[in-house]
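Read the structure below first, then the notes.
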Amino acid sequence: MDRRSFAALLPALAAGLPALAQSQTGASPTTASLASANPVETGVYPGFTPPEQFTGRSGHSFFHGMLPTEIGCEAHVSYLAVGAEHEAEDKHKHSEIWLVREGKVELHLNGVSHFLSPGDVGIAVAGTLHWVGNAGDTVASYFVLEVGTGPIGH
């Protein structure tokens, strides 16, 4: 990172100082209770295969909760049938990362479509308007990792 990039980050770092000070004195009750109520544990989470025949969407959440560092984290796999309607356009306070497993996926980010193939990765940082759809003639599937400060919610 050069000096110009670092200088561009300074306003964001300054804006985060109050939250950092609060974290040094203890987590907010909401975040602390959520972390203890739904912690993401170290381990292995079994995979998922959708039914032979399905329409629309199918999927499986591996985990959804809080890491010990008060970072919200959720991981799931999604399957989109051929011709399935794309998900509703949305934006979140957390970031989402997609890793395509099979098929062809259209990832729409802030009004621009991107086409991903198996092995490709896409990301929508917090606040990015986005949707995901099947852009091919076979089932499309992809892993999703969602991370952000505090609980992950939609």
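Please treat every number below as a calculation from the coordinates, not as lab data. Keep in mind the model is a prediction, meaning the values are calculated, not measured. Every residue, glycine among them, receives a Cβ derived from its backbone with ideal geometry; neighbour counts consider all protein chains shown.
Take each of the peptides 122-128, 139-145, 44-50, average the number of other beta-carbon atoms within 10 Å over its residues, and list them starting from the highest. Present the calculation step by step, with values, prior to reporting the outcome.
Details: 122-128: 15.1, 139-145: 20.0, 44-50: 10.4.
The densest-packed peptide leads the list: 139-145, 122-128, 44-50.
Just to check I understand the Karplus step: with θ = phi - 60° and J = 6.51 cos²θ - 1.76 cosθ + 1.60, what whole-Hz values come out for the range 54-67, glycine and proline as x?
For the range 54-67, the Karplus-derived couplings read 8, 10, x, 10, 9, x, 8, 8, 7, 7, 7, x, 10, 7 Hz, x marking Gly and Pro.
Counting residues in the range 57-149 as N, plug N into 2.2 N^0.38 Å and put the Cα Rg over that result. Display every interim value, and only then the final one.
Working: Rg = 12.9 Å, N = 93, 2.2 N^0.38 = 12.3 Å.
Rg over 2.2 N^0.38 Å, computed on Cα atoms: 1.05.
Can you give me the distance in nm between label points at Asp137 and Ile71, each placed 7 Å from the Cα along the Cα-to-Cβ direction?
If labels sit at Asp137 and Ile71, their model points lie 4.2 nm apart.
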